[in-house]
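The values are calculated or read from the model by the stated rules, or taken from the named source; none is laboratory data. Just so it is clear, the structure is predicted and the values come from calculations on it, not from any experiment. Glycine also receives a Cβ, built like all others from the backbone with ideal geometry; neighbour counts cover every protein chain displayed. With ligands, DNA and RNA removed, areas are computed over all heavy atoms of the protein, side chains included. Shrake-Rupley method; radii C 1.70, N 1.55, O 1.52, S 1.80 Å.
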Amino acid sequence: MGYEEKWREHTEKYQKLCVEHDTIPDELFREYGVNRGLRDINGNGVLTGLTTISRIDSFKMEDGKKVPCDGKLWYRGYDVTELIKRIPSDVFGFEKTAYLLLFGELPSPEEEKDFADMIASGRELPTNFTRDVIMKASSKDIMNSMTRSILTLASYDANANSTAVDNVIRQCLNLISVFPMLAVYGYHAYNHYENDESMYIHRPSAGLSTAENLLMMLRPDKKYTHLEAKVLDVALMLHMEHGGGNNSTFTTRVVTSSGSDTYSAIAAAMSSLKGPKHGGANIKVMEMMNDIRSHVHDYSDKEEVAAYLSKLLDGEAFDGKGLIYGMGHAVYSLSDPRERVFKSFVEQLSVEKHREKDMELYNNIELLAPELIAEKRRIYKGVSPNVDFYSGFVYEMLGIPTELYTPLFAIARIVGWSAHRIEEIIGMNKIIRPAYKSVMKEREFTD
């Protein structure tokens, strides 16, 4: 028997043992009041901490009853929808919003410029880091590539393990600065070594915003339109932070609470975000949309679109899971505010890219899917499109490869992770150690 066959035989045996001894009956969860995934049947999360960084509104109280409402997302007390509306069309807001989330207040014009200059000056990797780390053992999984780079950067930091607040702020700002480079360079290395394409590494420009640098470094000719950069900038702002209770942010706080270093905490958050149940949702939307395009001939025909959506819900099309991806959210009920503010920018970009027909298909799905889901499913709250419904479409129009969809999420979300790491260090000072109820049966030795 060969080496691989022997291993396969043993792992299949071990799998059966694990399934036998690790399966816990559903009724025990109900008996002990344990909420799987830390969420109850209505989607309410188990309270695990306090934060001043952000908030999600999805319900309101009326006559003593909790009823669904249009969603709102708040950053440090400011409505994100209004925050983005107040940023002029010719201005990029990533750096301003990052300052707000990290430090708790909107910057003055001078503070905003100083902060943007600091981020720009931090866009520099150690000597030969791109060659010796990023280009070595290139991978299609850019999230893994970035995580390896994050942990390796600790080796270049003389104070890597210090959790003094000023040191953590320095580390977080440095990582926010270099994340676009880790992602784009990681993709170029993969595209060269694995896909046999040309290699080009563009250095970031100090005079450009984060969104502009991303597009410039990604494209061979370095060119992009203002609208392209603006739409990407808005996408990054909307993905920066989300209430504190999401999986990767909670991971950041759990690892931080143990006293671990910044690089380890952010690497752990990356490992969480890359999971398809968390950061990979927009990829699934794009796969579904490509399937719909191949089966629906007239995007303007609502009856034809509805008929195929019904097949999706009945598990008769696409992946057979019975889901319309991009519809619904774990927290939001009637609407996702990120989707609402993002949609207007998506529509503008679709015109510039001559993708109006695709936009019509998205609009029809947004209109029809909630009605069909309500007919076929027992739902406890409203169903509406979430931000992932459109984000993949935007990235596709921008020519961003799917391998970078989740890394783009990380480039934005590291700001929120950093804010929560700082808040955890300053305000909590207790290791997060949840309880698990043991339902193990005691056994006697038989010999």
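Residue-wise test of (1) within 30 Å of residue 26 (Cα to Cα); (2) acidic (Asp, Glu); (3) at pLDDT 95 or above.
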residue: 48; (1), (2), (3): yes, no, no
residue: 61; (1), (2), (3): no, no, no
residue: 72; (1), (2), (3): no, no, no
residue: 81; (1), (2), (3): no, no, no
residue: 92; (1), (2), (3): no, no, yes
residue: 98; (1), (2), (3): no, no, yes
residue: 103; (1), (2), (3): no, no, yes
residue: 106; (1), (2), (3): no, no, yes
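Give the range 96-129 a look and list any residue that's of a type in the set (Val, Ile, Thr), part of a loop (DSSP other than H, G, I, E, B) and touching a residue at least 40 places away in the same chain (Cβ under 8 Å), or say none.
Here is the first cut: in the range 96-129, the ones of a type in the set (Val, Ile, Thr) are 97, 119, 127.
Adding the requirement that they be part of a loop (DSSP other than H, G, I, E, B) leaves 127.
Across the range 96-129, there are no qualifying residues.
Filter the range 257-270 for residues that are open to solvent by 10 Å² or more (accessible area, probe 1.4 Å), in contact (Cβ under 8 Å) with a residue 60 or more places away in the chain and assigned to a helix (DSSP H, G or I) and give the result.
Of everything in the range 257-270, those that are open to solvent by 10 Å² or more (accessible area, probe 1.4 Å), in contact (Cβ under 8 Å) with a residue 60 or more places away in the chain and assigned to a helix (DSSP H, G or I) turn out to be 257, 263, 264.
To keep it simple, each residue is scored yes or no on (1) in contact with a Ser or Thr (Cβ under 7 Å, 6 or more places away or on another chain); (2) open to solvent by 10 Å² or more (accessible area, probe 1.4 Å); (3) among the hydrophobic types (A, V, I, L, M, F, W, C); (4) not in a loop (DSSP other than H, G, I, E, B).
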{"position": "350", "(1), (2), (3), (4)": "no, no, no, yes"}
{"position": "368", "(1), (2), (3), (4)": "no, yes, yes, yes"}
{"position": "383", "(1), (2), (3), (4)": "no, yes, yes, no"}
{"position": "390", "(1), (2), (3), (4)": "no, no, no, yes"}
{"position": "416", "(1), (2), (3), (4)": "yes, no, no, yes"}
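Select from the range 422-447 the residues that are open to solvent by less than 100 Å² (accessible area, probe 1.4 Å) and part of a loop (DSSP other than H, G, I, E, B) and list them in ascending order.
428, 432, 434, 435, 438, 439
Scan 12, 82 and give me the residue that is farther than 30 Å from residue 424 by Cα and part of a helix (DSSP H, G or I).
Testing whether each residue is farther than 30 Å from residue 424 by Cα and part of a helix (DSSP H, G or I) leaves just 12.
Among the residues in the range 320-332, are any of a type outside the set (Asp, Glu), in a helix (DSSP H, G or I) and crowded, with 20+ Cβ neighbours inside 10 Å?
No: the range 320-332 contains no residue that is of a type outside the set (Asp, Glu), in a helix (DSSP H, G or I) and crowded, with 20+ Cβ neighbours inside 10 Å.
Which residues, taken from the range 112-146, are open to solvent by 70 Å² or more (accessible area, probe 1.4 Å), of a type in the set (A, V, I, L, M, F, W, C) and modelled with pLDDT of 95 or more?
Across the range 112-146, the qualifying residue is only 118.
For the range 245-262, check the following and say yes or no: at least one residue is within 11 Å of the chain's Cα centre (by Cα) and of a type in the set (D, E, K, R).
No: the range 245-262 contains no residue that is within 11 Å of the chain's Cα centre (by Cα) and of a type in the set (D, E, K, R).
What residue, among those in the range 420-447 that are under 21 Å from residue 46 (Cβ atoms) and of a type in the set (A, V, I, L, M), is nearest to the chain's Cα centre (by Cα)?
Of everything passing the filter in the range 420-447, 432 is nearest to the chain's Cα centre (by Cα).
Any residue in the range 370-380 that is more than 16 Å from residue 305 (Cα to Cα), more than 19 Å from the chain's Cα centre (by Cα) and aromatic (Phe, Trp, Tyr)?
Yes, because at least one residue in the range 370-380 is more than 16 Å from residue 305 (Cα to Cα), more than 19 Å from the chain's Cα centre (by Cα) and aromatic (Phe, Trp, Tyr).
If residue 242 satisfies all but one of (1) within 23 Å of the chain's Cα centre (by Cα); (2) part of a helix (DSSP H, G or I); (3) of a type outside the set (Gly, Ala, Ser), what's the number of the condition it fails?
(2)
Looking at 375, 360, 396, which one is open to solvent by 50 Å² or more (accessible area, probe 1.4 Å), in contact with a Phe, Trp or Tyr (Cβ under 6 Å, 6 or more places away or on another chain), in a helix (DSSP H, G or I) and over 22 Å from residue 71 (Cα atoms)? Full working, then the answer.
Numbers: 375 fails: in contact with a Phe, Trp or Tyr (Cβ under 6 Å, 6 or more places away or on another chain); 396 fails: in contact with a Phe, Trp or Tyr (Cβ under 6 Å, 6 or more places away or on another chain).
Of 375, 360, 396, the one residue that is open to solvent by 50 Å² or more (accessible area, probe 1.4 Å), in contact with a Phe, Trp or Tyr (Cβ under 6 Å, 6 or more places away or on another chain), in a helix (DSSP H, G or I) and over 22 Å from residue 71 (Cα atoms) is 360.
Taking the condition of being touching a residue at least 24 places away in the same chain (Cβ under 8 Å), surrounded by 10 or more Cβ atoms within 10 Å (Cβ to Cβ) and touching a Lys or Arg at 6+ places or on another chain (Cβ under 7 Å), how many residues in the range 1-46 meet it?
Of the residues in that region, 3 qualify.
Determine whether residue 402 is surrounded by fewer than 22 Cβ atoms within 10 Å (Cβ to Cβ), of a type in the set (Ser, Thr, Tyr) and at pLDDT 90 or above. Steps first, answer last, please.
Values: surrounded by fewer than 22 Cβ atoms within 10 Å (Cβ to Cβ): yes; of a type in the set (Ser, Thr, Tyr): yes; at pLDDT 90 or above: yes.
Answer is yes for this residue.
Among the residues of the range 80-111, how many are within 17 Å of residue 213 (Cβ to Cβ) and either open to solvent by 20 Å² or more (accessible area, probe 1.4 Å) or in contact with a Gly (Cβ under 6 Å, 6 or more places away or on another chain) (or both)?
We begin by selecting, within the range 80-111, every residue within 17 Å of residue 213 (Cβ to Cβ); these are 91-98.
From what is left, the residues that are either open to solvent by 20 Å² or more (accessible area, probe 1.4 Å) or in contact with a Gly (Cβ under 6 Å, 6 or more places away or on another chain) (or both) are 91-92, 96.
So the count comes out to 3.
So that you can scan it fast, the table gives a plain yes or no per residue for (1) touching a His at 6+ places or on another chain (Cβ under 9 Å); (2) more than 30 Å from residue 441 (Cα to Cα):
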residue	(1), (2)
28	no, no
35	no, no
50	no, yes
54	yes, yes
67	no, yes
72	no, yes
76	no, yes
80	no, yes
83	no, yes
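Out of 209, 177, I need the residue that is free of Cβ contacts under 8 Å to residues at least 60 places away in the same chain and either in contact with a helix residue (DSSP H, G or I) (Cβ under 7 Å, 6 or more places away or on another chain) or closer than 24 Å to residue 121 by Cβ (or both). Which one? Reasoning before the result, please.
On the way: 209 fails: free of Cβ contacts under 8 Å to residues at least 60 places away in the same chain.
Result: 177 is the single residue among 209, 177 that is free of Cβ contacts under 8 Å to residues at least 60 places away in the same chain and either in contact with a helix residue (DSSP H, G or I) (Cβ under 7 Å, 6 or more places away or on another chain) or closer than 24 Å to residue 121 by Cβ (or both).
Would it be correct to say that residue 355 is surrounded by fewer than 19 Cβ atoms within 10 Å (Cβ to Cβ), over 22 Å from residue 80 (Cβ atoms) and modelled with pLDDT under 90? Lay out the reasoning, then the answer.
Values: surrounded by fewer than 19 Cβ atoms within 10 Å (Cβ to Cβ): yes; over 22 Å from residue 80 (Cβ atoms): yes; modelled with pLDDT under 90: no.
So residue 355 does not fit the description; no.
Given the criterion over 14 Å from residue 362 (Cβ atoms) and open to solvent by 60 Å² or more (accessible area, probe 1.4 Å), identify the matching residue among 284, 302.
Details: 302 fails: over 14 Å from residue 362 (Cβ atoms).
Result: 284 is the single residue among 284, 302 that is over 14 Å from residue 362 (Cβ atoms) and open to solvent by 60 Å² or more (accessible area, probe 1.4 Å).
Report, by residue number, each residue of the range 130-176 that is within 22 Å of the chain's Cα centre (by Cα) and not in a helix (DSSP H, G or I).
Hits for the range 130-176 are 139, 140, 141.
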